[in-house]
Amino acid sequence: MFDFGKEFNSYWRSFIRLLYPASCVLCRTPLLIEESNICRECLQKIEHLKTPFCQKCARSLPPYGNYRSICSACRSEKPYFDHGFALVPYNEPVKQILHEVKFHKKLWLLQIFKNHLKNSLFSQELSHYDLLVPVPLDWWRIRERGFNQSMVIAEMVRNINSKNKLPVLNVLKKRKRTLPQSKLRREERLANLENAFCTDASPKIRGKHILLIDDIFTTGSTINECAKVLKQYGAEPVDFFTIARAESR
Ligand SMILES: [Zn+2]
Ligand SMILES: [Zn+2]
C-alpha cells in the first residue's frame, strides 16, 4: 500500500540533502540520501569483539585452552569488578567515533552502537541489575566538556529495555584531577587514582547488583578503582559495561 507519510519523508529528506549536502563525519565522502552521519563503508569497518572473552575483563581470549574463561591478568591481579562486557574492540573507526563524541560534542554518534547493544547477549543480562552507575568525570573536565559521556551511555543502556528501565544513579564522585591512565606505568596508575573516587550514597548501594558504565576499557584501573569504592560501601556484585575494549592489558 502507498505510505504517504514515508514517501513524503523520503522526498523531504532528498530535498534537504540537495540544499545541504552532508558528508561522512569520519571520512568526509558525500553521504547518500539513505545514510546519516556516517557512510556505509565506515560503518562496515566496525568489528565485533572476538569470542571467547574473559568473563571478568572482556578481553578476547585465544580460541583454545581458555582456562575457566578468565584471562591470566585477572587470575593474577584479582580485580574488584566481577564481570565485564564490551561491545566492540577499540580500533578504527571506533577510536575516531568516540573522539568525535568527547572532543567535538557529537553525542548523537553514540547511537551508532545502539544496534550492537540491542543484538548483544549482554542486553539479556540487564534485568539482573539493580542500578546503573556511570564512571564520573572530575569537575574541571565536566566544565570543559559540558557533559559526561558515561552518563549518556548509561541512559542509552537504560532505554534499551523499555519495559523495565533501570535507575541511573550518579553515586560516584571524582574528587581529584588525574593523568590519562594509558600513559602511565602500573605503579604510577595506582598512585594516580588513589582516593580519586568517593561515594556518599551507601544506603542506596548496599547489597545492590551494580553495572558500572564507561566508554572505553583501556588499562581497567579506573573501573577497578570505582568497583573498589562501591564494594567498600556494600555493593555486591559490581560488573562493568563499556562500548569499546582496548586489546592490550
Ligand atoms: Zn565514511
Ligand atoms: Zn580478564
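Figures for the structure shown
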| read-out | value |
| --- | --- |
| From phi via Karplus (6.51, -1.76, 1.60), per-residue ³J(HN,Hα) for the stretch 121-127 in Hz, x at Gly/Pro | 4, 4, 4, 6, 7, 4, 5 |
| Spatially near lysine pairs across the stretch 20-159, Cα under 26 Å, sequence gap of 8 or more or different chains | 25 |
| Gap separating the Cα centres of the stretch 25-99 and the stretch 151-218, nearest whole Å | 19 Å |
| Long-range HN-HN contacts of residue 197 with modeled amide H, under 5 Å | 175 |
| Rough spin-label spacing in nm, given labels placed 7 Å along Cα→Cβ, for residue 119 and residue 43 | 1.1 nm |
| Surrounding net charge for residue 109, when Lys and Arg each add one and Asp and Glu each subtract one, Cβ distance under 13 Å | +3 |
| ³J(HN,Hα) computed for each position of the stretch 40-51 - Karplus, 6.51 cos²θ - 1.76 cosθ + 1.60, integer Hz, glycine/proline x | 4, 4, 5, 4, 5, 7, 6, 8, 9, 5, 6, 8 |
| Charge dipole of the chain about the Cα centre (unit charges at C-beta), most positive-ward option of 135, 120, 89 | 135 |
| Per-residue HN-Hα couplings for the stretch 199-216 [Karplus 6.51, -1.76, 1.60; θ = phi - 60°; Hz; x = Gly/Pro] | 9, 10, 10, 4, x, 6, 10, 4, x, 8, 8, 10, 10, 7, 10, 8, 7, 10 |
| Label-to-label distance, nm, for residues given as residue 164 and residue 177 (7 Å Cα→Cβ offset) | 4.4 nm |
| Nitroxide proxy distance, nm - points 7 Å out along Cα→Cβ at residue 144 and residue 204 | 2.7 nm |
| Sparsely packed GluC sites (Glu not before Pro) within the stretch 164-214, loop by DSSP, other Cβ within 10 Å at most 15 | 194 |
| Over the chain - Rg/Rh using Cα atoms and the Kirkwood inverse-distance radius | 1.01 |
| Relative contact order (%) - criterion: Cα under 8 Å, at least six apart; region: the stretch 45-245 | 25 percent |
| Loop-located trypsin sites (Lys or Arg not before Pro) in the stretch 193-230, at most 16 other Cβ atoms within 10 Å (DSSP) | 206 |
| Relative contact order of the stretch 101-176, defined on C-alpha pairs under 8 angstrom at six or more residues apart (%) | 39 percent |
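All of the numbers you see were taken from the coordinates with simple rules; none came from a lab. Please read these numbers as outputs of a predicted model, since none were measured by experiment. Cβ sites come from the backbone with ideal geometry, for glycine too, and all protein chains shown count toward neighbours.
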